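The values are calculated or read from the model by the stated rules, or taken from the named source; none is laboratory data. None of the values given here were measured: they were computed from a predicted structure. Virtual Cβ from ideal backbone geometry, glycine too; neighbours counted across all protein chains shown.
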Amino acid sequence: MGSANTSDKRVLPRPALLLIDFMNPLDFDGADDLAPRAVAAAQRAAVLKARMHARRAPVIYANDNFGRWESNFEAIVSYCKKLGGAPAKLASTLAPSPGDRSVLKPRHSAFFGTPLEFLLDELAVNQLILTGLATDSCIMFTAHDGYLRKYDLWIPRDCVAAEKDAYHDAALEHMQRTLKAAIDPVDGRATRRQRRPTKSPRRIVGGSAKRRATRH
C-alpha cells in the first residue's frame, strides 16, 4: 500500500464518522453504570450521523464481535435488539442505514485486525470523528491508532461514554492533550477545523477493503 502524507494546509477535511461498539449487549461488570450514559451518547451520535448523511460523508460502524466469530454485523444488531432494555435502545437509535459500512473488530482498537485502514484510504478520508463506547477504552485505543496514522481527530464529548464521569473526563483530557484531538460537543462547532497537517488520499493496492468491509 502506497502512502503519501502531506503538510499542505490547503488540504480540505474529508471526514468519516466511526460508531464504535454502540451495538452492545452490555453484559459486563460496570454495564449498569455505563448504560444510561451510553444511551445518551447514542442519541447525540444519531444527530451527528444524520448530518454526515446529509453531506454524503462516510458512516462506518466498528463493532466488537463479542467472541461471536461466526456472526456478521447484522446478526449482532439483531441480537442486541432482542435483548431489550439499553442494548435494544442503542441498536434502535443507531440502526444501520443503507450505504453505511461496518467492520468487526476482535480487540479494543477499530484498526487492529480489521480492514478499516484500507477502507479509509479507499474513501480518501483524512479526518476521523470518533463516537461510541467506552471513552477510556475502545475510543482511546482507536484514537491512538488514528493519531499514529496521521488522521485529524474529533471526539465529540457528548457522543462517547464511560462507566464513570471521572473516567470519561480524564480520557478526553488525555486525548485532547496528547493526540491533539478536538473534544467539542456535536453542537460546539459547525465545522471541525483541522489542528495539524492531515494525510492526503493514499492509493490502494488490491481490493481488500472491498472484500472484507461490509456495506449495508
Criterion violated by Arg101 - all others in (1) basic (Lys, Arg); (2) farther than 24 Å from Val47 by Cβ; (3) touching a strand residue (DSSP E or B) at 6+ places or on another chain (Cβ under 9 Å) satisfied: (2)
Only residues that are touching a residue at least 24 places away in the same chain (Cβ under 8 Å) and surrounded by 13 or more Cβ atoms within 10 Å (Cβ to Cβ): list them for the stretch 75-95, please. Ile76, Val77, Tyr79, Cys80, Leu83, Ala86, Pro87, Lys89, Leu90, Ala91, Thr93, Leu94
Considering the stretch 146-172 alone, what residues qualify as being free of Cβ contacts under 8 Å to residues at least 60 places away in the same chain and of a type in the set (Val, Ile, Thr)? Ile155
Suppose we filter Ala31, Ala62, Ala57 for residues that are buried (at least 18 other Cβ atoms within 10 Å of the Cβ), of a type outside the set (Val, Ile, Thr) and closer than 12 Å to Leu133 by Cα; which single one remains? Ala62
Looking only at the stretch 43-74, and only at residues there that are outside any helix (DSSP H, G or I), small (Gly, Ala, Ser) and touching a residue at least 40 places away in the same chain (Cβ under 8 Å), the one that is farthest from Val186 (Cα to Cα): Ala62
Identify the residue in the stretch 107-157 that is of a type in the set (S, T, N, Q) and farther than 26 Å from Asp29 by Cβ and, among all such residues, is surrounded by the fewest Cβ atoms within 10 Å (Cβ to Cβ). Gln127
Which residues, counting only those in the stretch 10-42, are assigned to a helix (DSSP H, G or I) and of a type in the set (Lys, Arg)? Arg37
If Asp152 meets every condition in (1) modelled with pLDDT of 95 or more; (2) under 22 Å from Ile76 (Cα atoms); (3) not β-branched (Val, Ile, Thr) apart from one, which number is that one? (2)
